[in-house]
Amino acid sequence: MAAATGHIPTQVIGEYTVYLMQRLGRGTFGIVYKATDRYGNPVAVKCIDEYPHPSMALDEYANLSRVHTINHQNVIRILDIHRELDCIWAFMEFCQHGDLHKFFGNNYNLVATTEDRIRLMIQISSGLAFLHDERIIHRDIKPANILVTRVNGETVAKLTDFGLARILEENEITSRMSTDVGTYCYKAPELLCEGPKTYYKEVDIFALGITFLSMLQAEQDQPLRPVIENDRDREEAGALSIGMLMFIRKRRNLDDVQVVVEGAEDSERVKQLKRLIVQMICYDGDGRPIADTIVMSLQAILMQDQVPQVWFHYHTKTYLHYVFPLTFQEQGVKNKEKGKILSLLRCK
């Protein structure tokens, strides 16, 4: 039902009033508007009506319905879903700072230090770890799909936009996917190969690594963007993404399929963070750490001034090929607690 409130076009959907001239952004398959609930509290609503294929409407509705049943502080909360003949209205919590692009552009003072950025990375990784534990593969991780708000004076990041997500059933927990999805600059090499594709949740880790790289190297008054660190790579890549550059190198049988991101001026904390990012965007999906491990690694990197570093190397199929910065003896961690930490390093 359309109405005019103070010459501002509105539409009433259930108990919500949608302000059609106040666009907050655009997601997969639709526009996000500002709205209010029955009490006048601000919410966001996504009008999902731009499907390349009708079956995608059913997929989107199923995804939203599933997310509506879960709750995590770093995943956007779906408040209500209304389905009409030509549109799905998904009402969700309002995030005052907008997406990660807008947050870095308008609130740079809140992310001016590496520590500030690591805290955001921990939250984003926590949200992704929760989704993966719930058997939800996002498949479109990028700054535009990470919203930022303030809760009790603290900055909080939330994953959003599940238009391309895949929800696995219990019997599909080890199943591979083949649909070509995602945003080009954040696609993993396995999504860029010619012909049939096969991949799993590791594509989310790669996209998260590219996002973290852009966050780490962001500068004031500069947009967040996927970047390649050294000049030789930049010249060779041209307009290519990091994933495509790695895929091309592999196809040419070149040994160097990693991205070099270390700089001589880096602090020890930044060096460790870059090593983690390099592992997240490694060519081989099986070599990328799981989201739980990324959370723990980031926490250890953040506390490095208080935590001596011991590097554990794993090179077998049982464990991730990953270097994990954490000490046990110096912290007096008991063997039982040590076992819990190491269990997170095992491939899921």
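Bear in mind these aren't lab numbers, they're just calculated from the coordinates by the rules spelled out. Keep in mind the model is a prediction, meaning the values are calculated, not measured. We place every Cβ from the backbone using ideal geometry, glycine too, and count neighbours over all the protein chains shown.
With the Cα gyration tensor of the range 14-83 giving a ≥ b ≥ c as the square roots of its eigenvalues, does the rule (a/c under 1.5 for rounded; else a/b larger than b/c for prolate; else oblate) give rounded, prolate or oblate? Verdict is oblate for the range 14-83. What the phi angles of the range 119-133 give under the Karplus curve with 6.51, -1.76 and 1.60, with θ = phi - 60°, is a coupling list of 4, 5, 4, 4, 5, 4, 5, 5, x, 5, 4, 5, 4, 5, 5 Hz, glycine and proline written as x. When the GluC sites (Glu not before Pro) in the range 76-128 are filtered for DSSP coil states and for at most 13 other beta-carbon atoms within 10 Å of their beta-carbon, the remaining sites are Glu84. Residues Lys271, Lys46 in ascending order of nearby Cβ atoms (within 10 Å, fewest first): Lys271, Lys46. In this simple spin-label model, placing a label point 7 Å from the Cα along the Cα-to-Cβ direction at both Gln222 and Tyr184 gives a separation of 2.2 nm.
Compute the Cα gyration tensor for the range 95-180, then decide on rounded, prolate or oblate, letting a ≥ b ≥ c be the square roots of its eigenvalues: rounded whenever a/c is under 1.5, prolate when a/b is larger than b/c in the other cases, and oblate in all that remain. It is prolate, given that a/c is not under 1.5 and a/b is the larger ratio. Ranking Thr113, Trp89, Gln123 by Cα position along the charge dipole of the range 82-161, where only Lys, Arg, Asp and Glu carry charges on their C-beta atoms, puts Thr113 farthest toward the positive end. Here the range 54-176 carries DSSP beta bridges of which approximately 95% are antiparallel, counting only pairs with both residues inside. Counting neighbouring Cβ atoms within 10 Å and putting the fewest first, the residues Cys87, Cys95, Cys185 line up as Cys87, Cys185, Cys95.
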